[in-house]
1. Could you tell me what a quarter of the Cα convex hull surface of region 90-149 works out to, in nm² with one decimal place?
2. Please name whichever of Pro109, Gly48, Trp84 sits farthest to the positive end of the charge dipole of region 9-149, dipole taken about the Cα centre and charges placed at Cβ: Lys and Arg +1, Asp and Glu -1.
3. Please report Ser131, Ser117 as a ranked list, fewest other C-beta atoms within 10 angstrom at the top and most at the bottom.
4. Towards the positive end of the charge dipole of the chain, with charges on Cβ (+1 Lys, Arg; -1 Asp, Glu), say which of Trp153, Ile137, Gln124 has the farthest Cα.
5. Could you work out the local net charge near Gln113, counting Lys and Arg as +1, Asp and Glu as -1, over the other residues with Cβ closer than 12 Å to its Cβ?
6. Give me Tyr80, Tyr44 sorted ascending by neighbouring Cβ count inside 10 Å, so fewest comes first.
7. In whole Å and largest first, what semi-axes does the C-alpha gyration tensor of the chain yield when each eigenvalue is scaled by 5 and square-rooted?
8. How would you rank Trp87, Trp153, going from fewest to most other Cβ atoms within 10 Å of each one's own Cβ?
Amino acid sequence: MVVFLANRANLQRKRLHDRIQNRLGGEFDGVHRRRTEPREAGPYRVVGTVNPRKFLDDKEYPTTTARVEVGFQLQTAELYEYYWFNWIEPDRQLLVGWHQDDTHADLGPVHLQVTDSTTAVEHQPANFIDSHPLDVIERRLESLPDAVTAVEWEDGRPTGLR
């Protein structure tokens, strides 16, 4: 585990996303930073592609194409940053992601979400990591295989988490 001792108050949006891009470049292909779409919160997303069979070490995994999208919004009304850390499988229309934002307040500051196409099928509370964003990235990367493989399926559609 890597520990980041940087002062979070001095984080800069573009620089942070460039550092996330550098970090993800070791495990994902075609990693790049992009500006967010109008419907997305925060200024940037870092996107990279991966073969899930290799990433999850599962030769039988039902698809060979996935991407990770990560973004942080640093200036919020809260004492912590908002972020979105998503695993997306376009072929199966699956999104599994941690969202630390101002939605689903009943679940706490961060939740794990499963989405089928454009419909959220489950939200669960997730552990809040009060740490530097790059530490959050490391810890979410460690948890990602378990989150992805916990998705339950019925008739080829994701239905939630085990």
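Since every read-out is calculated from the coordinates, none of them should be taken as a lab result. This structure is a prediction, so every number in the text was calculated from the model and none was measured. With ideal geometry, Cβ positions are generated from the backbone for all residues, glycine too; neighbour counts draw on all protein chains shown.
1. Details: hull surface 18.0 nm².
Dividing the Cα hull surface by four gives the mean projection, 4.5 nm².
2. Gly48
3. Numbers: Ser131 15, Ser117 11.
The order, fewest Cβ neighbours first, is Ser117, Ser131.
4. Of the listed residues, the answer is Ile137.
5. Values: positive: none; negative: Asp101, Asp116, Glu122.
Net of charged neighbours comes to -3.
6. Details: Tyr80 17, Tyr44 21.
With the sparsest Cβ surroundings first, the list reads Tyr80, Tyr44.
7. Details: eigenvalues 123, 69, 42 Å².
The answer is 25, 19, 14 Å, longest axis first.
8. Details: Trp87 22, Trp153 13.
Taking fewest neighbouring Cβ atoms as first place, the list is Trp153, Trp87.
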